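Enquirer: Below: one structure in structure tokens.
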Amino acid sequence: MNRPKPTSLGAGQDTADRVRELLSRMTLAEKIGQMCLAEGGHDHPPAVLGDDLRNGSIGAVLNVVDVEIVNELQRIAVEESRLGIPLLVGRDVIHGFKTVLPIPLGLAATWNPDLAREGARVAALEAAKAGVNWTFAPMIDVSRDPRWGRIAESFGECEYLTSVMGRASIEGFQGDRLTDTGSIAACAKHFIGYGAVESGRDYATTNIPDTELRNVYLRPFRAAAEVGVGSFMTSFSDLNGVPGTGNRYILSDVLRDELGYGGFVVSDWDSVRQLKIHGLTENDRESAYTAVTAGVDIEMAGDAFGNHLLDLVEQGRVGEAQIDTAVGRILSIKFQLGLFENPYTDPGHLPEMASNRALNTARDAALQSIVLLKNEGGALPLAMDRLRSLAVIGPLADEAYEQLGTWVFDGDPGLSVTPLQAIRDVVGDRVELRYVRAMANSRSRVGDEFDEAEKVAGAADAVLLFLGEESILSGEAHCRADISLPGDQVELVRRMRLTGKPIIAVMLAGRPLTLSNIVDDVDAILFAWHPGTMGGPAIADLLFGREVPSGKLPATFPRIVGQIPIYYSQKNGGKPPSTETVVFIDDIDAYAPQTSLGMSAFHLDTHFTPLFPFGHGLSYTEFDYKDVRASAEEIHPGGTITVSAELCNRGDREAEEIVQLYTRDVAASITRPVRELKGFRRVRLGPGETTTVCFELNSDDLSFYGQDGKRTVEPGLFHAWIGGSSDADCRTRFRIVA
Ligand code: BGC
């Protein structure tokens, strides 16, 4: 196509020179236009946005995914605006595009960064085919509250696991080079602390001490900055009294000065104007001032920048140099994406949607994400040769859309293979299969199909019970105060138990659930999260033992909501609980006097442990750990040490185990968590096979941020555990000596 050459410096020239040259030709209004990201998800965006594109008052759009329309918008920007600057085209490509992978929390349960990378790559290839060149992912908010609906979108509670999976996703989205076909810019969000919203209520306040901020919440963002993520997004939430979008300390002092991040920062949806609602500013003009001076480069879906920045600069309140810096960062990504050379998308140059590669990745990811929480008496896998009839019961067995989970604007439920379909495919006509949905949805309280369900279950050799939450029960602004199975599902479980048949619960959900009220009534639980397009085949393969479960929990499963916050890396406190120190409410004498004996940190009405700890996940084989050793008794700052363990597959199935390394800094200038994940690896072993698994740690891996905000490696005693979950008990010790 014919278009004016946007800059005199062409491809191959230094990006910084191209940015400088282009900036020198821009008017202030054109610069501010680059800082405006407009919503395009309405009827015929070229008609609505065309004039703004022509006069350069928009530099980016979001939510346009029709490639012809995207190309038309690019054409207007490139051919009909004065400088011909191409557009960023943003979209929430969170866990797939047409082909949907497990929700990010499920992906985290794979503990497999290669899958996270490949999953992001196939998502990027599909999104790029629709003209998208920028995704608002990954979300790397450490999430320790399962009530929060957005835990579904996270990689769970651990800053280390989140860092590893987040980094891999960014690598997948961005590819080797942003100019490669199918590479899209990623966005690390939400900066920062959004996962810590009070009582898990979306958009609520957060209060996070600085040491906690740096040691926990900042770590994944540091990793994202190191790997060169294209952009950061601010958080809706208030952090210690200053909302993320107006928080100069985190957006400038921490992100720019401390992390040295050079990409651009986008606000969250209309969060600039929300500064007024928060009570930080009196009007939109002050919101624009506060956000831009704090360090926001692009305003998403609002008009505070467009309406007020020009005046603010002309009045001298905002320096033009500040605007140049922001615009320079934005233009730099546009150059790096190669948009000035290739603004248009030719879908023919990209693989088909739902390619074999995409479907296979979705299937592998689902398979590795599913966690076997419980398997009493080896109820799973089902032995096909001993099975004549099977009852499939429950509201989530055959729900092509619900298995996709939250954030699937572009996901195609038509591609989904449901568990019921996949089970039918596996058993064929060898097993009589009867299906009763029993509930219209997971929240239903109409039990009029329960009699029929009980009858069908009673006549079968085993019952597959599909329970959980529909996709709408998690995700943004979809938080729950009670995270047990909704509706009458607990009653359905009870009715199934009455049949005396083996009950296999398969759970589809967007968060950890509290399962204490059903856990003893079922023989096995496969926790499948929202497993995506290929969830059905993955579940069926596991049920019938064609594959062996290998997922491990990326978040703790509490017994009851009142235990929250409960996570594996808590502090010890001065009075940690133990089985000797706890008492239960029912065991207390009616008129017991208060004493100080046996006082420790527990609740009177539940255990102090979770129902299932972080890192937990069973297999169809058994893995034994022994001989945890450190290669030396001491290391010096700057040195390395190897911690190893012997792992044996005691069973008769070849299987994969996720081996986990935890450490504890026993005494430090600020108290450190009882355990911190420091490494993990998927290891495949044949029946009876043994191997030694080694992890190398350097003293930096054992560092933390002290009260002065500085990273420190302190001499002292460390414990290290290697095992199959965060409650592993094989331990060794070593010292850092000065
Ligand atoms: C969410 C972001 C998302 C944006 C655009 C907001 O409501 O918080 O995570 O990227 O919308 O859809």
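Enquirer: Report, by residue number, each residue of segment 326-361 that is farther than 27 Å from Glu68 by Cβ and either of a type in the set (A, V, I, L, M) or touching a helix residue (DSSP H, G or I) at 6+ places or on another chain (Cβ under 8 Å) (or both).
Expert: Hits for segment 326-361 are Ala326, Val327, Gly328, Ser332, Thr361.
Enquirer: While we're looking at this one, here's another question. For the subset of segment 298-313 comprising residues that are touching a residue at least 60 places away in the same chain (Cβ under 8 Å) and over 17 Å from Val61 (Cα atoms), which member is farthest from the ligand (Cβ to nearest atom)?
Expert: Val313
Enquirer: Can you name the condition, by its number, that Val48 falls short on among (1) within 16 Å of the ligand (Cβ to nearest atom); (2) out of contact with any helix residue (DSSP H, G or I) (no Cβ under 9 Å at 6 or more places or on another chain); (3) within 19 Å of Asn307 (Cβ to Cβ)?
Expert: Exception for Val48: condition (1).
Enquirer: Being over 20 Å from Arg363 (Cα atoms) and not in a loop (DSSP other than H, G, I, E, B) is the filter here, so list the residues in segment 495-524 that pass it.
Expert: Arg495, Met496, Arg497, Ile503, Ile504, Ala505, Thr514, Val519, Asp520, Asp521, Ala524 - these are the residues of segment 495-524 that are over 20 Å from Arg363 (Cα atoms) and not in a loop (DSSP other than H, G, I, E, B).
Enquirer: Further question on the same structure: Quick check, is Asp364 closer than 30 Å to Leu553 by Cα, within 16 Å of the ligand (Cβ to nearest atom) and either surrounded by fewer than 16 Cβ atoms within 10 Å (Cβ to Cβ) or at pLDDT 95 or above (or both)?
Expert: When the stated conditions are applied, Asp364 does not pass them.
The rows are residues; the columns are (1) touching a Lys or Arg at 6+ places or on another chain (Cβ under 7 Å); (2) in a strand (DSSP E or B).
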position: Ser669; (1), (2): no, no
position: Val674; (1), (2): yes, no
position: Leu677; (1), (2): no, yes
position: Phe680; (1), (2): no, yes
position: Arg684; (1), (2): no, yes
position: Gln707; (1), (2): no, no
position: Phe718; (1), (2): yes, yes
position: Thr732; (1), (2): yes, yes
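Enquirer: Kindly list the number of the only condition in (1) out of contact with any Gly (no Cβ under 9 Å at 6 or more places or on another chain); (2) in a helix (DSSP H, G or I) that fails for Arg256.
Expert: Every listed condition holds for Arg256 apart from (1).
Enquirer: So for segment 160-182 (the condition being within 16 Å of the ligand (Cβ to nearest atom) and not in a helix (DSSP H, G or I)), does at least one residue qualify?
Expert: Scanning segment 160-182, I find no residue that is within 16 Å of the ligand (Cβ to nearest atom) and not in a helix (DSSP H, G or I), so the answer is no.
Enquirer: Hey, another quick one. Across segment 47-66, what is the number of residues that are surrounded by 15 or more Cβ atoms within 10 Å (Cβ to Cβ) and not in a loop (DSSP other than H, G, I, E, B)?
Expert: 8
Enquirer: Could you please give the count of residues in segment 263-288 that are buried (at least 22 other Cβ atoms within 10 Å of the Cβ), more than 16 Å from the ligand (Cβ to nearest atom) and not in a loop (DSSP other than H, G, I, E, B)?
Expert: 2
Enquirer: Collect the residues in segment 457-491 that are of a type in the set (A, V, I, L, M) and on the phi > 0 side of the Ramachandran plot, keeping them in residue-number order.
Expert: The one that is of a type in the set (A, V, I, L, M) and on the phi > 0 side of the Ramachandran plot: Ala477.
Per-residue answers, yes or no, for (1) crowded, with 22+ Cβ neighbours inside 10 Å; (2) assigned to a loop (DSSP other than H, G, I, E, B); (3) in the same structural domain as Ser231 (by TED's automatic domain parsing):
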site: Glu68; (1), (2), (3): no, no, yes
site: Glu72; (1), (2), (3): no, no, yes
site: Ile76; (1), (2), (3): no, no, yes
site: Glu79; (1), (2), (3): no, no, yes
site: Gly84; (1), (2), (3): no, yes, yes
site: Ile94; (1), (2), (3): yes, yes, yes
site: Leu105; (1), (2), (3): yes, no, yes
site: Trp111; (1), (2), (3): yes, yes, yes
site: Asp114; (1), (2), (3): no, no, yes
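Enquirer: Within segment 73-100, work out how many residues are within 16 Å of the ligand (Cβ to nearest atom) and farther than 30 Å from Ala29 by Cα.
Expert: Of the residues in segment 73-100, 5 are within 16 Å of the ligand (Cβ to nearest atom) and farther than 30 Å from Ala29 by Cα.
Enquirer: Here is a follow-up. I'd like to verify a number: residues in segment 188-232 that are within 16 Å of the ligand (Cβ to nearest atom), surrounded by 20 or more Cβ atoms within 10 Å (Cβ to Cβ) and of a type in the set (Gly, Ala, Ser), how many?
Expert: Total satisfying the criteria: 8.
Enquirer: Can I ask one more? Condition first: within 18 Å of Ser231 (Cα to Cα), among the hydrophobic types (A, V, I, L, M, F, W, C) and within 16 Å of the ligand (Cβ to nearest atom). Now tell me which residues in segment 125-138 satisfy that.
Expert: Ala127, Val132, Trp134, Phe136, Ala137
The values are calculated or read from the model by the stated rules, or taken from the named source; none is laboratory data. Computed from a predicted model, the values in this text were never measured in an experiment. Positions of Cβ are backbone-derived with ideal geometry, glycine not excepted, and every protein chain shown enters the neighbour counts.
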